[in-house]
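To start, the structure under review is shown below, and the notes come after it.
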Amino acid sequence: MKELAILFTIFVRVGLFTFGGGYAMLPLMQKELCLKRSWATEEEIIYYYAVGQCTPGVMAVNVAAFIGHKRKGVSGACAAVLGLILPSLVIIPLIAALIKNFSELEVVRHAFAGIRVAVCALLIDAIIRFFKGGDNDAFGIALFGIALACSLFLNATPVVLVIASGIAGVIYKTVRRSRK
């Protein structure tokens with residue numbers, strides 16, 4: 001029961017102190033789960049993000065479910081997911097009620113612009129950390145470039161990119177093993 005409370009509390013903090021949606025939660029999750037708690041390695045968290053991205057639902061919620069399940073099974077997954085979404089369930093209705101009255105104020109528009117910049121900085125930090133911790137051979141870098149180009153110029157969906165990259169990775173590793 002104590003670990004369920006800890007899972008719940010950790011994910012409440014993640015949900016409470018991040019702005020900008022699921023992707024903005026990633027750096028905080030990474031710090032909390034990999035660095036502070038050692039509940040997942042950098043490599044595992046990258047896999048959780050990849051699978052969470054291509055499964056139905058919100059990616060951050062999926063990752064919370066994976067971590068919770070790893071720690072305490074189904075009850076852990078429920079505690080982690082509930083902890084993650086609870087702050088939003090409370091805060092969003094409050095903000096929605098207030099935003100109608102204040103959305104046109106210049107100071108509010110500037111605040112949201114500043115929040116967007118901070119979220120971008122957090123995402124760039126997470127990308128750099130993933131790049132440092134990932135498998136950075138020439139194939140991986142080339143696959144990253146191709147996926148980025150497909151996303152930017154062909155508007156390929158994340159699901160297609162993740163599945164195609166996964167298939168390419170399996171083929172590449174299989175061919176490399178067979179040559180050895």
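The values are calculated or read from the model by the stated rules, or taken from the named source; none is laboratory data. Here the structure is a predicted model, which means the values were calculated and not measured. Reconstructed Cβ throughout: ideal geometry from the backbone, glycine too, with neighbour counts over all protein chains shown.
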(message) Regarding the range 34-53, can at least one residue be identified that is touching a residue at least 24 places away in the same chain (Cβ under 8 Å), more than 23 Å from ILE127 (Cβ to Cβ), surrounded by 13 or more Cβ atoms within 10 Å (Cβ to Cβ) and under 16 Å from the mean Cα position of the chain (by Cα)?
(response) no
Every listed condition ((1) surrounded by fewer than 17 Cβ atoms within 10 Å (Cβ to Cβ); (2) farther than 15 Å from VAL12 by Cβ) holds for LEU89 save (2)
The condition from (1) surrounded by 12 or more Cβ atoms within 10 Å (Cβ to Cβ); (2) at pLDDT below 90 that GLU104 misses is numbered (1)
LEU161 fails exactly one of (1) in contact with a helix residue (DSSP H, G or I) (Cβ under 9 Å, 6 or more places away or on another chain); (2) in contact (Cβ under 8 Å) with a residue 40 or more places away in the chain, namely (2)
_Against the condition farther than 13 Å from ILE10 by Cα, in contact with a helix residue (DSSP H, G or I) (Cβ under 8 Å, 6 or more places away or on another chain) and modelled with pLDDT under 85, how does TYR23 come out, does it pass?_
yes
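Is it true that some residue in the range 108-123 is over 17 Å from the mean Cα position of the chain (by Cα), in contact (Cβ under 8 Å) with a residue 60 or more places away in the chain and either loosely packed, with under 14 Cβ neighbours inside 10 Å or closer than 29 Å to PHE66 by Cα (or both)?
Step one: filter the range 108-123 for residues over 17 Å from the mean Cα position of the chain (by Cα), giving 108-115, 117.
Still in the running and in contact (Cβ under 8 Å) with a residue 60 or more places away in the chain: 115.
From the residues that got through so far, the ones that are either loosely packed, with under 14 Cβ neighbours inside 10 Å or closer than 29 Å to PHE66 by Cα (or both) too are 115.
Yes, some residue in the range 108-123 is over 17 Å from the mean Cα position of the chain (by Cα), in contact (Cβ under 8 Å) with a residue 60 or more places away in the chain and either loosely packed, with under 14 Cβ neighbours inside 10 Å or closer than 29 Å to PHE66 by Cα (or both).
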Reported set for the range 12-31 where residues are of a type outside the set (A, V, I, L, M, F, W, C) and either surrounded by fewer than 18 Cβ atoms within 10 Å (Cβ to Cβ) or more than 17 Å from LEU82 (Cα to Cα) (or both) is ARG13, GLY20, GLY21, TYR23, PRO27, GLN30, LYS31
